[in-house]
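The values are calculated or read from the model by the stated rules, or taken from the named source; none is laboratory data. All values derive from a computational prediction rather than experimental measurement. Here Cβ is always computed from backbone atoms with ideal geometry, including for glycine, and neighbour counts include all displayed protein chains. Heavy atoms of the whole protein, side chains included, go into the accessibility calculation; ligands, DNA and RNA do not. Shrake-Rupley method; radii C 1.70, N 1.55, O 1.52, S 1.80 Å.
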Amino acid sequence: MLTKGFKLGACLFFAAVSVAACSRGEQQKYAMHPFVERAANDTSCVENRILSSYSDDNRDGSIAIIGEGADVIRIADYFSVYDSYDNINAAHVPDGIPDFAGEVFDVLIDDANGPYGGYAKADNSLFLRELIIRNAVAMLDGKCYANAYDKSCSAVKAPAKALVIPSVSYSPEVISDLDTLLNGAGLRIPVVYPPLSSVRTVFDMFKDISGIGVMAGLEVAASGVYGELFRDISALSGYRSQVHNVIYSPQGLTPGEKIRNFIQMYINSGYTQPLNAIIIDDLMLARDIDSMYAALDSIVTEKSEEAALYESVIAEGFRFIDPAECMASELFRQMRDANDMALRISYPKCNFFITVFSPEFMIESGKDSIGDALKYARAYDAGQNTVKIVHMTRRHVNSRELAELDSIAPNLHVNF
């Protein structure tokens, strides 16, 4: 099973680069997903009904964290104990109280549709974009399905007042899709995404940037999301040209090996500009940032010519960037500015949801189970959703999977 009030304006992410365009060094302008238009205008569409009836004056709503299992669990765990601000005056000083005290996190583990990387490999990013939109809108609803066979969404849940969407790096057009849909519906809903929050953070953190690295998988590198963000935010931040940025997918069995190989790839590419930061796109790998600092310190302090070369491309005040921290900070500030905080005196609480394939889709497929070939070949904008969102219970996870959840989320008591 275990396999982002801020709204992104068109000026900030007007263009999205496809995998093919990225390989040609070209740029394509954003093309609206057909499902976005249907959800916005077709009154028979479930998503249209949800958006039309939604009220964004909803301080008691939940914060929905939506995506692949390990990522959303790690984010919920991080957010539940995040403490970088004073809860009274919002000063950037920890006060010993979780910044999201009193909030409810609705954690949607998209087990049926994942892993998302398969859609990039199958050249089916259009379906990935649609499923992320569907999941996000569904979490704005006040109800969900009681089980896979429920036809009327009979279970009650809190409508989300904010959305955290970690899995957009494979298909960055989702950012514009969702922004277009929410803006069109006149809704003021904070949405945060790892790439955007991370890039915004480095521009806020450093006054003069000589270079930024991104450590990410091959599919993420090919999507072009970071190149687009660095280009647009460089311009908005007053840089005459795009800030120097690189993205690599280093091999390595340990975080230390990955860091060493990343720096070696940077040097081998002929770059000499010191790096101010490296964004760790992988949310699970970012858990090991402390060991990355230790490894980097060991690398640059070795008494060798190689170590001196490595040290020459690491700027003073260098930072590793954890997307979870970036999203938590941005979401807190946006919700605080919009007066969207729950202001309840209690620890944050988590509710868990999971996607399951609908019986109708199973029958139509003629299969007892849905394999990767069928999953990743589903057509976009083809009618009814093929999955349902239900409350997660113990029957959805075995003992091994529950132990894995607990290992990813040491600050959460995962209890169904």
The one condition Val17 fails out of (1) surrounded by 22 or more Cβ atoms within 10 Å (Cβ to Cβ); (2) at pLDDT below 95; (3) under 21 Å from Ile389 (Cα atoms) is (3)
Looking only at region 103-123, count how many residues are open to solvent by 20 Å² or more (accessible area, probe 1.4 Å) and either more than 22 Å from Leu140 (Cβ to Cβ) or part of a loop (DSSP other than H, G, I, E, B) (or both). 6
Looking only at residues that are touching a helix residue (DSSP H, G or I) at 6+ places or on another chain (Cβ under 7 Å), assigned to a helix (DSSP H, G or I) and open to solvent by 30 Å² or more (accessible area, probe 1.4 Å) in region 202-254, which one is farthest from Leu285 (Cα to Cα)? Ala222
Among the residues of region 177-194, the number that are in a helix (DSSP H, G or I) and either open to solvent by 10 Å² or more (accessible area, probe 1.4 Å) or in contact with a strand residue (DSSP E or B) (Cβ under 8 Å, 6 or more places away or on another chain) (or both) is 6
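May I ask you to say which residue of Ala90, Ala39 is surrounded by fewer than 24 Cβ atoms within 10 Å (Cβ to Cβ) and either farther than 28 Å from Asp281 by Cβ or more than 19 Å from the chain's Cα centre (by Cα) (or both)?
It is Ala90.
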Scanning region 258-293 for residues that are touching a helix residue (DSSP H, G or I) at 6+ places or on another chain (Cβ under 8 Å) and open to solvent by 60 Å² or more (accessible area, probe 1.4 Å) gives Arg260, Thr272, Arg287, Asp288
List every residue pair whose Cβ atoms sit under 6 Å apart, with the two residues 6 or more apart in sequence or on different chains, where the first one lies in region 293-304 and is among the β-branched types (Val, Ile, Thr) and the second, anywhere, is assigned to a helix (DSSP H, G or I) and surrounded by 13 or more Cβ atoms within 10 Å (Cβ to Cβ). Ile299/Arg260; Ile299/Tyr310; Val300/Ala307; Val300/Tyr310; Val300/Glu311
Restricting to region 121-146, and then to whatever is closer than 20 Å to Ser62 by Cα and of a type in the set (Lys, Arg), can you tell me which residue is farthest from the chain's Cα centre (by Cα)? Lys143
Single condition Phe357 does not satisfy, out of (1) more than 25 Å from Leu187 (Cα to Cα); (2) touching a strand residue (DSSP E or B) at 6+ places or on another chain (Cβ under 6 Å); (3) surrounded by fewer than 19 Cβ atoms within 10 Å (Cβ to Cβ): (3)
Can you report the number of residues in region 43-81 which are more than 30 Å from Asp406 (Cα to Cα) and open to solvent by 50 Å² or more (accessible area, probe 1.4 Å)? 8
Taking region 360-416 and the residues there that are exposed (fewer than 14 other Cβ atoms within 10 Å of the Cβ) and of a type in the set (Lys, Arg), the one that is nearest to Phe100 (Cα to Cα) would be Arg394
Taking the stated definitions as given, is Tyr30 touching a helix residue (DSSP H, G or I) at 6+ places or on another chain (Cβ under 8 Å), modelled with pLDDT of 95 or more and not hydrophobic (A, V, I, L, M, F, W, C)? no
If you scan region 366-395, which residues turn out to be part of a helix (DSSP H, G or I) and at pLDDT below 90? Arg394, Arg395
Among the numbered criteria (1) modelled with pLDDT under 95; (2) touching a Lys or Arg at 6+ places or on another chain (Cβ under 7 Å), which single criterion is violated by Val104? (1)
What are the residues in region 54-102 that are at negative phi, in a loop (DSSP other than H, G, I, E, B) and among the small types (Gly, Ala, Ser), if any? Ser55, Gly61, Ser84, Ala91, Ala101
(1) part of a loop (DSSP other than H, G, I, E, B); (2) out of contact with any helix residue (DSSP H, G or I) (no Cβ under 8 Å at 6 or more places or on another chain); (3) buried (at least 19 other Cβ atoms within 10 Å of the Cβ): which one isn't true of Ser169, the others all being true? (2)
